[in-house]
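Take a look at the structure set out below.
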Amino acid sequence: MPKVLSGKDYKMKQACKYNIIRFQPYAETQEFANIGVILYAPTTGEFVFKLLPQNTYGRVTGFFSKLDKTVLQDTLKLLKGELERVQKMGLEFKDFDLLYNELIRPRGGVIQHSKHFARFTENPADTVNELFEHYVHHSFTEKVGHEERMRASIT
């Protein structure tokens, strides 16, 4: 006999949109490093984000070897403050879609955002952590066979 789920057992998945936060200090080369993820759940109005901690910048400064690490540290500090401000505004803002779209629109600074991606989730906070591990810490490289598939795509 099939199990009947009660309201407390059933969590509904909701559609969310997310964007990858990119650090692009040299617009001339168009190179960037992923430093965070933002996620917005329109149904509930939940806005969550995760950024690279200010004290773990070796991967990014290794990539941009001539960059003073304080540029990245200051950028992360300012960005965190801005995202926290947006999070608070979202509690009172009637049309958060407008605010979110303004947040991620293309600008000329060192912070860029990827295009929109969509994801269904029961828990936006857990999902942003999972996405962060994938896009920033490259968790997919730990899967068995990753390097073999990459080599096969080259030949």
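The values are calculated or read from the model by the stated rules, or taken from the named source; none is laboratory data. This one's a predicted model, so the numbers in the text were calculated from it and none came from an experiment. No Cβ is skipped: glycine too gets one built from the backbone with ideal geometry, and neighbour counts run over all protein chains shown. For accessibility, only protein heavy atoms count, side chains too; no ligands or nucleic acids. Shrake-Rupley method; radii C 1.70, N 1.55, O 1.52, S 1.80 Å.
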Fill in the blank from the handout: Checking region 25-110 for trypsin sites (Lys or Arg not before Pro) in a loop per DSSP with at most 14 other beta-carbon atoms within 10 Å yields Lys66, Lys94, Arg107
Problem - Å² per residue, accessible surface of region 1-123 at 1.4 Å - result: 65 Å²
Exercise for the section: Can you list which of the chymotrypsin sites (Phe, Trp or Tyr not before Pro) found in region 22-59 are DSSP loop residues with at most 13 other C-beta atoms within 10 Å? Expected result: Tyr26
Fill in the blank from the handout: With x for Gly and Pro, the residue-by-residue ³J(HN,Hα) of region 55-69, computed from phi through the Karplus equation 6.51 cos²θ - 1.76 cosθ + 1.60 at θ = phi - 60° and given in whole Hz, is 9, 10, 10, x, 4, 6, 6, x, 6, 9, 5, 8, 7, 5, 4
Problem - Residue list for region 119-137, given a label point 7 angstrom along the Cα-to-Cβ vector of Phe63 and an amide N cut-off under 17 Å - result: 131-137
Exercise for the section: Figure the gain on full extension for Leu78 and Asp126 (residue separation times 0.36 nm, minus the Cα-Cα span) and round it to one decimal in nm. Expected result: 14.9 nm
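Assign unit charges at the C-beta atoms only (+1 for Lys and Arg, -1 for Asp and Glu), then state the dipole size of region 46-147 relative to its Cα centre in Debye, rounded to the nearest 20. If you can, show how the numbers build up before the last one.
Numbers: 14 positive and 15 negative charges, 90 e Å.
Using only the charged Cβ atoms, the result is roughly 440 debye.
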Practice task
Enumerate lysine pairs in region 27-101 that are 8 or more residues apart or on different chains, then count those whose Cα atoms are under 16 Å apart.
Solution key: 5
Handout entry: Rounded FRET efficiency, nearest 0.05, which uses the C-beta distance separating Asp95 from Asn55 and R0 of 35 Å
Key = 0.45
